[in-house]
Amino acid sequence: MLYSIFLFYLIIVRSTSIYAQQSVLIKIQNNAKEPLPSATIMISANTDSAKAIDVADGLGQARFVLKSNQLYKLTISATNYVSFDKSIFVKPGDSLFVLTAEANSKALKSIDITATRPTVRQEDDKTIVDPENLASSSTNAYEILEKTPGLFVDQDGNVYLSSTTPATIYINGREQKMSASDIATLLKNLPPNSIASIEILRTPSAKYDASGSGGIVNVVLKKGVKIGFTGSINAGGNQGNYGNRFIGVNLNNNNGKWSNYLNLQFNRRNNSERIVTNRIFATDSLLSQDAFSIYPTNNYYLGYGINLAASKKWELSYDGRLNYSDFINTTNNGSEISLIGTSDLLIGNNTDVINKGNSFNINQGASANYKLDSLGSEWKSDVSFNYAPNNTNQEFSTAFYAPQNFIRVGDGKISTDLTFVSLQSNLLYKFSKSFSVETGLKSTSVSFGNSTQYFTGSREGRIKDFNRTSNYDYKENINAFFLQSSKTLKGITFKAGARVENTNMNGRQFLPSDTSFSIHRTDVFPYIYVSRNLFKIAGYNLRAYLVYRRTISRPGYQLLNPSQRYVDQYLFETGNPALRPQFTQNYEANVSVDERPIVAIGFNDTEDIFTNVIYQADTSSAIAYRTYDNLGTNKEIYFRALGAVPPGGRYFGVAGVQFNRNLYRGLYQNSPLTYKRASWSLFTYQTLKITTTTQLQINGFVRFNGQLQFYDLSTFGALNFSVNQQLLNKKLTISSSINDIFHTNRNDFLLQQGSVNANGYRYADTRRVGLNFRYNFGFRKKDDASIFSEDSPEKSN
């Protein structure tokens, strides 16, 4: 595989040696040196009539591939700023031009932007998604991820970039160290318009934690970036069988050195899910179950932050989020055991489970950024703290009607407590415009406690269930160091490095038995990245990327916790303290056009893979339990292609396809395992501007021959439609939407591994009609008169 990559790289180098082009970053800022997101940049060469148009990202930046020793004309326009032209001359090695725009104190009306910001674009080793239009038809950040092209979110809240291992979720560049369900709850609390961008890193560099074999999805939240006091009020909801409602306010204030923001949100969510399962657990015995669950939840969210540009070199920031949720979830599960040959009913019952509880999450972070020089060298330090307690009271009752009538009742109390602290400091030093070195240290600490108490019988005669009662503590400390360097030579960018991580994990279950374990290990994770401009097609620049990295997936506290959780009379959940970490080597080659990804092919080689499994209990073949286990190796080949109509016109569309083929080899319940599965996924995102204030949007996906770990899934998908209308001088936006129009986001499943032979179907309340409102307001201070200037240290001639 390495030889193939090296050969591919030589072909790229050979085929592009005649081109004298280089990547140039254009940054637009105001007089206070604050970035201007969404500024439109049109660039053309004096010797060529062709023009390139792009829209600045959240940092006020846009990247172009330009010829050396060439004179270019730039036309800049931004809302509430005077449009202007500027000429630049690109010398060999020039990589940055900074332009300053003058605020239009007379014009408070918006300037029509003539280009559309790319929904998906490639920047070095990450894909960046602009969620602005997706937010208009969503009630929370979780729904935005569900609609993001190329992401797959399963019913349990896991986010997948491939089909093997869930991606690691970051918020503002910080790992959350929470379970999938807890992160899903956190994302459902975030306001839909609080996200600035979504960064997708399928093969993260050595700068990022090595625990990213499934890739990283970084949710970047908005902060106050506008001059003066601005804000928005948003409200809306969607309705299916049940409904979601939300209302919130976002405030931003930026006056010179100080900027701050405040987000408040209340969300009332309700959803339902039905799971029908048929499981053959003996030669002539069939267990049929039909479970219907309702999940009403109240969410309260507070986000806040403050930023100080203390000087031209120092920038300090502090931000925090508070989340509180209360819920009363109910499940009714009908179960019948019958003989397959005669259909005679042996056992029949109905189980009702009520989970009532609350969860709290407090996340605080502070960072400092020191600019060392004008080349872009900087020193960043960050500290974050996360505290998340969770309490659930569970009541369950099973009413038997065959072979005789009687009722069995019980209850349980589950309390968890998570504390996560992270400290990191990174140094980026640029020796020249084309060579840089980056290094850093990071230390994280996790403390998790779980107390589970179960009782059987009514309140008058409760008896402790010692088989399910447990007490479990877990502690984790990871210390890391990374070093990587980047060099651009003749248009080729090389980046290589390594990350060293020292892992210390200790877990102990006090009840019902001691299952203590201790892991201490040190691992090295190399990283290699090469990119190169290829050639131009119809005025568009093609660029190729080659990436390799070794990663690790450590079983977290939620997978190691051996305490049992009651699901129904025939199923319970438990962790596995004996889980070992899995290691993945990822190889990927991809090509982008003007920083928009178009095609990629990759290979994942995973050892000691652990995944969700279902086993039959030793006490009774009718009882099964969900847990996690190491099963052997997995080899995955994937292919991804993306096509788009260039932004800037009335219509913009993106369509993509992804192919995954997996081969598992190992043991399942001590029996040989060989499992092959190939699946296709299609996704699309399209917008059409009917007028300057009316826009139609369609997005959706479909997955053929789907796979979720060892579950074979039928074809499923969803198509979403929305209409966005702007009123009151574009201050008011009204969005009406229909999610999952044809109610196709449901699937049949089949599981045939080891002693488990089960099939069924699962669907949720996903078809919904929604209406959202957002009103923008603000008071901008007038800047002193000034002229446009070019502040780049690499001045043009």
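The values are calculated or read from the model by the stated rules, or taken from the named source; none is laboratory data. Computed from a predicted model, the values in this text were never measured in an experiment. Using ideal geometry, Cβ is built from the backbone for each residue, glycine included, and neighbour counts are taken over all protein chains shown. To get the accessible areas, we keep the full protein, side chains included, count just its heavy atoms, and leave off ligands, DNA and RNA. Shrake-Rupley method; radii C 1.70, N 1.55, O 1.52, S 1.80 Å.
Points worth noting:
- Shape of the range 561-659, Cα gyration tensor, a/c cut at 1.5: prolate
- Sulfur and carbon atoms: percent of accessible area, the range 625-693 [1.4 Å]: 60
- Percent accessible area from carbon and sulfur atoms, the range 474-551, protein chains only, probe 1.4 Å: 64
- Taking the convex hull of the alpha carbon positions in the chain and averaging its projected area over all directions gives 33.4 nm².
- Using 0.36 nm per residue and subtracting the Cα-Cα separation, the extra length available between residue 663 and residue 506 on full extension is 53.3 nm.
- Residues in the chain average 43 Å² of solvent-accessible surface per residue, probe 1.4 Å, ligands and nucleic acids excluded.
- Label-point separation in nm, residue 731 to residue 696, each point 7 Å along Cα→Cβ: 3.0
- Cα gyration tensor shape for the range 401-441, rounded if a/c is under 1.5, else prolate or oblate: prolate
- Above-threshold pairs, the threshold being 22 Å between Cα atoms, out of 73/257; 33/730; 313/433; 430/490; 147/442; 126/222: 73/257; 33/730; 147/442
- Order of exposure, largest accessible area first, which applies to 680, 314 with probe 1.4 Å: 680, 314
- Set of aspartates and glutamates with alpha-carbon distance to residue 177 below 14 Å, sequence-local pairs under 8 removed: 209, 417, 476
- FRET E, pair residue 771, residue 258, Förster distance 51 Å, beta-carbon r, rounded to 0.05: 0.90
- Cα point-scatterer Debye curve for the range 650-781, base-10 log of I(q)/I(0) at q = 0.09, 0.12, 0.14, 0.19 Å⁻¹: -0.45, -0.66, -0.78, -1.09
- Under 5 Å from the amide H of residue 617 lie the amide H atoms of 623, 624, 625, each residue being 5 or more positions distant or on a separate chain, with H modelled from the backbone and absent for Pro and chain starts.
- Local net charge near residue 679, Cβ-Cβ under 12 Å (Lys/Arg +1, Asp/Glu -1): +2
- DSSP-assigned coil residues among trypsin sites (Lys or Arg not before Pro) in the range 429-472, each with at most 15 further Cβ atoms within 10 Å: 462
- Stretched out straight at 0.36 nm per residue, the stretch from residue 485 to residue 432 would grow longer than its current Cα-Cα span by 17.9 nm.
- Cα shape, the range 319-377, gyration tensor, a/c 1.5 rule: oblate
- 16 Å cut-off, amide nitrogen to a point 7 angstrom out along residue 635 Cα→Cβ, residues in the range 571-585: 584-585
- Mean residue ellipticity at 222 nm, helices only, the chain: -1500 deg cm²/dmol; runs of at least 4 DSSP H residues each add -39,500 (n - 2.57), and the sum is divided by the number of residues.
- Between the range 689-710 and the range 731-763, the alpha-carbon center distance in angstrom: 14
- Whole-Hz couplings from phi, Karplus 6.51/-1.76/1.60, listed for the range 417-429; x for Gly and Pro: 9, 10, 10, 9, 10, 10, 10, 8, 8, 10, 10, 10, 10
- The residues packed around residue 234, meaning those with a beta-carbon under 13 Å from its beta-carbon, carry a net charge of +4 if Lys and Arg are +1 and Asp and Glu are -1.
- Accessible area, probe 1.4 Å, largest first, for residues 605, 417: 417, 605
- Convex hull volume per residue, computed on the Cα atoms of the range 474-573, equals 154 Å³.
- Residue 53 - accessible surface, heavy atoms, 1.4 Å probe, Å² rounded to 10: 60
- Computed on protein heavy atoms with a 1.4 Å probe, the accessible areas place 767, 626 in the order 767, 626, largest first.
- Of all aspartates and glutamates in the structure, those lying under 20 Å Cα to Cα from residue 689, and not within fewer than 8 positions of it along the same chain, are 54, 112, 130, 132.
- Partners of residue 91 within straight-line reach, counting aspartates and glutamates whose Cα lies under 14 Å from its Cα and excluding those fewer than 8 residues away in the same chain: 794.
- Residue 331 sits among other residues whose Cβ lies under 12 Å from its own Cβ, and their net charge, with Lys and Arg +1 and Asp and Glu -1, is -4.
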